[in-house]
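Take a look at the structure below.
The values are calculated or read from the model by the stated rules, or taken from the named source; none is laboratory data. All values reported here derive from a predicted model rather than from experimental measurement. All Cβ positions, glycine included, derive from the backbone under ideal geometry; neighbour counts span all protein chains shown.
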Amino acid sequence: MKRQTLNKIFAALTLCTASTLACAAEPVTLTSLDWPPYTGEDLPDQGASVAVAKAAFAAAGYTLKVEFYPWQRAVALAKDSSKHDGYFPEYYADELKQDFILSEPMGSGPLGFAELKAKPVTWHTLDDLKSTKIGVVRGYVNTSEFDARMHSGKLKTDATGDDLKNLQKLLGGRISLAVIDKNVLTHLMSTTPELKGASDKIQFNATLLEDKSLYVCFKKGARGQKLAQALNEGMLDILPSLKQGDSYWFTPLLA
């Protein structure tokens, strides 16, 4: 992600909500993970998703604080801790509604596979991958069909703690594919010391799993419902600042 682009857009969003920020704003605390370029404690404005969420909440009269944890810890705190209102960014899954209230989509990301350039994988349906060892991140939602096949044992998967470990497994020949967002792959390949030189070896598979919408998940209850509504309304308020021609409104933050 280009720091100058993100800073410029976030500054514009802050300007458009200046009148709201002048008032005393109610605090909101969400958990997240280091998932660049979308979220990350050390990223400019803590990442593209955080920049959008902060601006949308500001437009609705709230200030957002984001705390960063490993993914499963972030989800658990959002569900069980009274100090946290929810977590993000998350892909949609029906089972999430048992514990959370989901916002409207706040962007999207292309989900697919990382593969070795020397050993590209051709597939058309997930049936074609039943004998392929696939790396996944423990606790991540993928696609409904992929996850159903994974849990039923119809896909051979190998779980690890984060995307970087999966890419290292791919380089080491321990897996043939790694489920990953294309923007996350691009960012990790260009910024992570452990992957120096890997851009000559790893590529994004030609077939996309799904273009996945991203959501904020709020703890169930009256406050969660209120915050989800506030965020949805705030996103509508900042929408004109994020549109570029016919492009999807989240895209400029990842340019």
Any residue that is under 26 Å from LEU177 (Cβ atoms), at pLDDT below 95 and under 14 Å from the mean Cα position of the chain (by Cα) - is there at least one of those in the range 117-139? yes
Of the candidates LYS154, LYS133, the one satisfying the condition of being in contact with a strand residue (DSSP E or B) (Cβ under 9 Å, 6 or more places away or on another chain) and in the same structural domain as GLY173 (by TED's automatic domain parsing) is LYS133
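Suppose we filter the range 204-225 for residues that are in a strand (DSSP E or B) and crowded, with 17+ Cβ neighbours inside 10 Å; how many remain?
Matching residues across the range 204-225 total 8.
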Residues that are under 16 Å from LEU231 (Cβ atoms) and more than 15 Å from the chain's Cα centre (by Cα), at least 2 per element: which strands (runs of 3 or more DSSP E) completely within the range 43-106 meet that? 62-68, 100-102
